[in-house]
1. Report relative contact order for segment 52-206 in percent, whole number only (criteria: Cα-Cα under 8 Å, sequence separation at least 6).
2. Let me confirm the definition first: pairs of Lys residues in segment 115-262, 8 or more apart or on different chains, C-alpha distance under 29 Å. How many are there?
3. Mind giving me the nanometre distance, one decimal, between the label points for ASP208 and SER178, set 7 Å out from Cα along Cα→Cβ?
4. Magnitude of the Cβ-charge dipole of the chain, K/R +1 and D/E -1, about the Cα centre, nearest 20 debye?
5. Over the chain, what percent of the accessible surface lies on carbon and sulfur atoms, probe 1.4 Å?
6. When the helices in the chain are scored as -39500 (n - 2.57) per DSSP H run of 4 or longer and the sum is shared across all residues, what 222 nm value do you end up with, to the nearest 500 deg cm²/dmol?
7. What does the convex hull of the alpha-carbon atoms of the chain project to on average, in nm²?
8. Fully extended, how many nm does the chain gain between MET76 and LYS20 (0.36 nm per residue separation, minus their Cα-Cα distance)?
Amino acid sequence: MIKESLNIIKVGGAVVEDEKSLSGLLMSFSSLHGKKILVHGGGKIATEMAGKLGVETQMIDGRRITSAEMLKVVTMVYGGLVNKTIVARLQALGVNALGLTGADMNIIMSVKRPVELVNFGFVGDVKYVNTRALVSLLEAGAVPVLAPLTHDKEGSMLNTNADTIASSVARALAEKYSVTLTFCSSIPGVLKDLSDPSSLIKTVAKKDFEPMVADGTISEGMIPKLQNAFDAINDGVSKVVITSPSDLSGGTTILADPETDD
Ligand code: ADP
């Protein structure tokens, strides 16, 4: 049976913060035909708001710690300001957007990350995606806009990486739809040389990943992004791309692992 297609676009924090990139992305998103979902990051807006509210931003090794006070800020900013602004702008473009966090309709349940070397605070690792609820919304003609927030089903919201949300939702929905997952950042894709936007690598396979991390070609946010991308392409998602808002059909295509005989 031929599956209906579903586009899942994940838009990064840097795009959300930049008015020109965001309006370009929302225009491109609005012109995509068929079923679609937008997942957005948060960016520095939460840090700015936290500063205004006197909430300290704690970082360990360059990674954000979500304290109880910061959780309140990200819930307000990602689940409120950022999510609803995107929804309103999509509505203005004729898209029937519906803004949701993972708590709404129990769309995404997570568990608080266990404390190992670092206590990340109120950060959730995805455990469950409510496929049935998402399918019912898509079939009703809604366009879900997902904030990077999940819940633990015990009454607490949790801050969750937007790439992981996009990858988890794509994998869950791949049973029903032919899913294209597009990670949209401020960069044109995976680059050989970060300072040269023309050094785009057209395809990346998992076998290339370790050597590229080892030689420093890929670093920082690109490491978990690629891990999420490989998880998706090897778990039923039809196509995974890392690109920029100006070129949704270009960028770097992620290759699935080769089939083995055993
Ligand atoms: P976003 O929040 O926009 O989704 P991230 O900041 O998490 O994206 O990850 C993208 C970032 O990864 C880029 O802005 C860049 O700084 C970094 N990066 C590291 N290595 C590479 C690479 N080889 N190609 C592209 N980006 C890379």
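The values are calculated or read from the model by the stated rules, or taken from the named source; none is laboratory data. Since this is a predicted model, take the numbers as computed values, not measurements. With ideal geometry, Cβ positions are generated from the backbone for all residues, glycine too; neighbour counts draw on all protein chains shown. The accessibility values were calculated without ligands, DNA or RNA, using every heavy atom of the protein model including side chains. Shrake-Rupley method; radii C 1.70, N 1.55, O 1.52, S 1.80 Å.
1. On the way: 224 pairs, mean separation 30.9, N = 155.
The value is 20 percent.
2. For segment 115-262, the number of qualifying lysine pairs is 25.
3. 2.5
4. For this selection, approximately 820 debye.
5. Accessible surface attributable to carbon and sulfur in the chain totals 53 percent.
6. Theoretical 222 nm ellipticity from helices: -9500 deg cm²/dmol.
7. With the hull built on Cα positions only, its mean projection is 15.2 nm².
8. Details: separation 56, 0.36 × 56 = 20.16 nm, distance 2.37 nm.
Additional length available on full extension: 17.8 nm.
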